[in-house]
Amino acid sequence: MMFLVIIAFFVFLLIGIPISLVLGMTTIVYFLVTGNYVLLESTPQRLYSGMENFGLLAIPLFMLTGELMNTGGITNRLVSFARVMVGHVRGGLAYVTVIANMFLASILGSANAQAAMMSKVMVPEMEKEGYNREFSSALTLASSIVAPIIPPSMIFIIYGTLSGTSIGALFMAGIIPGLIYGLGFISLVAYIGYKQNFPRSERANLKQIWAAFKDVLPALFIPAIITLGILSGVFTATESAAIASVVAFIVGKFFYKELKLKSMPVVFVNTVIGTATVTFLIAMANIFGWVIAFEQVPQLIADAMLSISDNPFVFLILVNLFLLLVGMFLDGIAALVILVPVLMPLITGFQIDPIHFGIIICINLTIGLLTPPVGTGLFIVSSIAEVKFERLVKSVMPMLALGIAMLLIITYWEQTTLLIPAWFGF
């Protein structure tokens, strides 16, 4: 019977049905095939209970923050500041793309949203200065994966909610890995820039640097307030999302004066649409995960992995390979909601810290944005930057390889994730 359910899942996926509907439809197929109508009667309650979590409130608030930033001129100033600082070195605009992504990551927390935004801003600019369009698009996409790593992060919020791990601890744990990824992509740009003789921009003088710094300073209040507030205990990670929204509104409205009240309906509509998409996906994945748990799939996977090895080193290799494979076919958030209940009992048995494991799984599934055939980031950037999908895939391969190499460093050097949380008592 379960074989028919698995076939239905892949058939729905292959014919192009959105993943959220695939999860819900597959669950209904399971009920019909097995005749388990008792679970079907409980499904509405399960859908509701899966969303009844205070931590998930941060998702619409951080999405609102991102919309306010875009409309209020904050995003453009962050990019301009990065350009003034490093635009004059060889490959300067490529460095700007990576650094601007790191700035935005500390506010947005969504790789897809960041990839879409930066593709509109940076790819045309890089092409004007002589960069290859495929490389520009690939770099923009690859460096956007730091968005879910540097706090705040929507995917950390979901993992923390599902696993019972402190969201504040996860936010702090993401700082060093985010810097590792940023420095890794900067190093790659330096190497490629040396080989291909990338262009330079005109060097900014001290007056221009000072003007850019004063202009961007209000925008930098947003990540500073979020981080300091969480560390000092003034507010929780979830409450920080509300604070970030308020600060983004104040900065856009009163400092930069680009956020107009007539723009607010569009901001709210975009926020609602984005939130509805994510929360519907979480609800569907929750009932799908419920079926998986009922069929004791976690226990079967645990037994299979333990039969291979009881060594945590080998277990983490197997998990990373499994997650990279899953990331090729499933959206990261959907995969997270499905797999966290499956994998959490395993990490307890292998005595792996849930904070460290959370960073591993979130980074791994985010890398899935770069992997064909279903990497959503590839489709987003291909469409916005008007680059052929197959050419974008070819250009992004070196960055994907680097991303996996950095994932292995973080996997086997746990202090990269646990050092800062330990400093602050998490």
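Points worth noting:
- Annotation: W290 carries an accessible surface of approximately 40 Å², with a 1.4 Å probe and no ligand, DNA or RNA atoms counted.
- Only DSSP H runs of four or more residues enter the estimate; each adds -39500 (n - 2.57), and after division by the residues of the chain the mean residue ellipticity at 222 nm equals -25500 deg cm²/dmol.
- Here's the picture: a label point sits 7 Å out from the Cα of L57 along the beta-carbon direction, and within region 207-250 the residues with their amide nitrogen under 17 Å of it are 230, 234-247.
- Candidates A212, A401, A94: whichever shows maximal mean-square fluctuation once the chain is modelled as a Gaussian network with Cα springs under 10 Å: A401
- Accessible heavy-atom area order of S166, S20, highest first, probe of 1.4 Å: S166, S20
- Using R0 = 41 Å, the C-beta based FRET efficiency linking N270 and V314 works out to 0.35.
- Accessible area per residue, Å², region 1-81 with all protein chains present, probe 1.4 Å: 51 Å²
- FRET efficiency for F294 and R90, using Cβ-Cβ distance with R0 set to 51 Å, rounded to 0.05: 0.30
- Solvent-accessible area, 1.4 Å probe, carbon plus sulfur percent, for region 209-251: 79 percent
- Accessible surface of E239, taken over heavy atoms with a 1.4 Å probe and every protein chain present, rounds to 80 Å².
- nm² value of the averaged projected area, convex hull over the Cα atoms of region 110-175: 4.7 nm²
- If R0 equals 22 Å, the separation of the Cβ atoms of S187 and Y256 corresponds to a calculated FRET efficiency of about 0.05.
- Distance distribution note for region 127-231: the fraction of Cα pairs above 23 angstrom is 50%.
- Distance between the 7 Å Cα→Cβ label points at E202 and T236: 5.2 nm.
- Placing a label point 7 Å from the Cα of S49 along the Cα-to-Cβ direction, the residues of region 24-43 whose backbone N falls under 15 Å from that point are 38-43.
- To the nearest ten degrees, helix 175-196 and the longest principal axis of the Cα atoms of the chain are 60 degrees apart.
The values are calculated or read from the model by the stated rules, or taken from the named source; none is laboratory data. Keep in mind that this is a model prediction, so the values were computed, not measured. We place every Cβ from the backbone using ideal geometry, glycine too, and count neighbours over all the protein chains shown. Quick note on the areas: whole protein, heavy atoms, side chains included, nothing else; ligands and nucleic acids left out. Shrake-Rupley method; radii C 1.70, N 1.55, O 1.52, S 1.80 Å.
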